1. Where does the longest stretch of the chain lie that holds no trypsin sites (Lys or Arg not before Pro) found in a DSSP loop with 15 or fewer other Cβ atoms within 10 Å?
2. Rounded, prolate or oblate: pick one for the chain, where a ≥ b ≥ c are the square roots of the eigenvalues of its C-alpha gyration tensor, a/c under 1.5 means rounded, and failing that, prolate if a/b is larger than b/c, else oblate.
3. Give me the distance in nm between label points sitting 7 Å out from Cα along the Cα-to-Cβ direction at D3 and D144, one decimal.
4. Under 18 Å from a label point 7 Å along Cα→Cβ of D74: give me every residue in region 21-61 with its amide N that close.
5. In debye to the nearest 20, how big a dipole does the chain give about its Cα centre with +1 on each Lys and Arg Cβ and -1 on each Asp and Glu Cβ?
6. Per residue of the chain, what 222 nm ellipticity follows from adding -39500 (n - 2.57) for every DSSP H run with n ≥ 4, rounded to the nearest 500?
Amino acid sequence: MSDTVVGGLVDQATLVEQVDRGVAPDWVAEHWRTFSAGLTGERNDTPFPCFFGAESVRDGVPLYTAVPSTSDPDALFDLGRTILTYLDTYRDHSERASLVTFFRPPERSLTEAEYHDRLWHILQFLHVHDPAPWPEDIPTDTDDPYWEFCFGGEPMFPTCRAPFYDARKSRYCPIGLEITLQPRSLFEDLDVTADTEAGQHAREVIQDRLEDYDGVCPHADIGDWGVDGDREWPQYMLSSEESEAPDECPMTVTREHPKSKWLVDASTPEPAD
């Protein structure tokens with residue numbers, strides 16, 4: 001853990017304390033207020049669809065970081081180090097602790113296509129500088145139903161909220177980009193993977209709540225990992241306008257590591273230019 005949420009890793013109690021004291025930047029405070037209100041409140045008389053996420057925020061379980069840029073290399077190197085620290089320590093906090101990442105809002109309004117570009121730039125950057133090999137049991141082909149994003153040797157599911165979701169309020173954030181990272185092992189610890197009875201029941205409940213909460217049918221791209229015909233990557237940032245979203249996964253994945261040594265030792269500062 002660290003003393004500051006920007007460029008560091010804090011628990012929810014520390015984040016709230018920094019927001020309440022005015023120590024956190026205004027954009028971080030606004031992210032927190034809209035995030036917590038969205039996950040713990042109701043819309044159309046329906047609670048937030050993912051009851052695991054809602055319950056975790058009510059219980060103060062997630063860990064948090066804030067990133068001052070979606071493109072600056074130093075900010076993204078800090079994010080990489082934070083994720084590595086999170087992966088090493090989150091179980092000491094809670095086996096249910098996801099990593100919620102708030103990004104500083106852009107200086108101008110972005111289109112949906114630009115948000116897709118920024119997400120995949122961040123994930124590609126992390127992959128290129130990943131200090132750990134790509135897991136042997138995860139394919140590198142993004143069109144494989146068993147593909148998913150990996151970092152630090154851990155398969156994980158990034159879920160995005162962004163300002164362009166006018167209809168799908170379950171994915172709406174008025175401030176800017178938010179990415180919640182959930183390791184695959186977290187779902188396994190909860191016994192809610194697609195191949196379990198509990199997992200199938202959880203998905204049915206979430207789907208029903210989604211339709212009521214959003215007021216529209218659940219997105220066609222929502223599916224399960226490893227299921228023939230379903231793909232992970234479009235679910236990270238669901239499209240609002242199909243023409244704005246990529247037709248193919250923009251990320252290039254290879255097994256050769258390390259591609260970069262800047263995060264091989266997370267405690268070592270990056271080399272000067």
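Please treat every number below as a calculation from the coordinates, not as lab data. All figures in this text were calculated on a predicted structure; none of them were measured in a lab. For neighbour counting, all protein chains shown are included, and Cβ atoms are generated from backbone atoms with ideal geometry for every residue, glycine included.
1. Between exposed loop sites, the widest span is 109-254.
2. Rounded.
3. 4.5
4. Residues passing the 18 Å test: 25.
5. That gives the chain a dipole magnitude of about 840 debye.
6. That calculation yields -11500 deg cm²/dmol at 222 nm.
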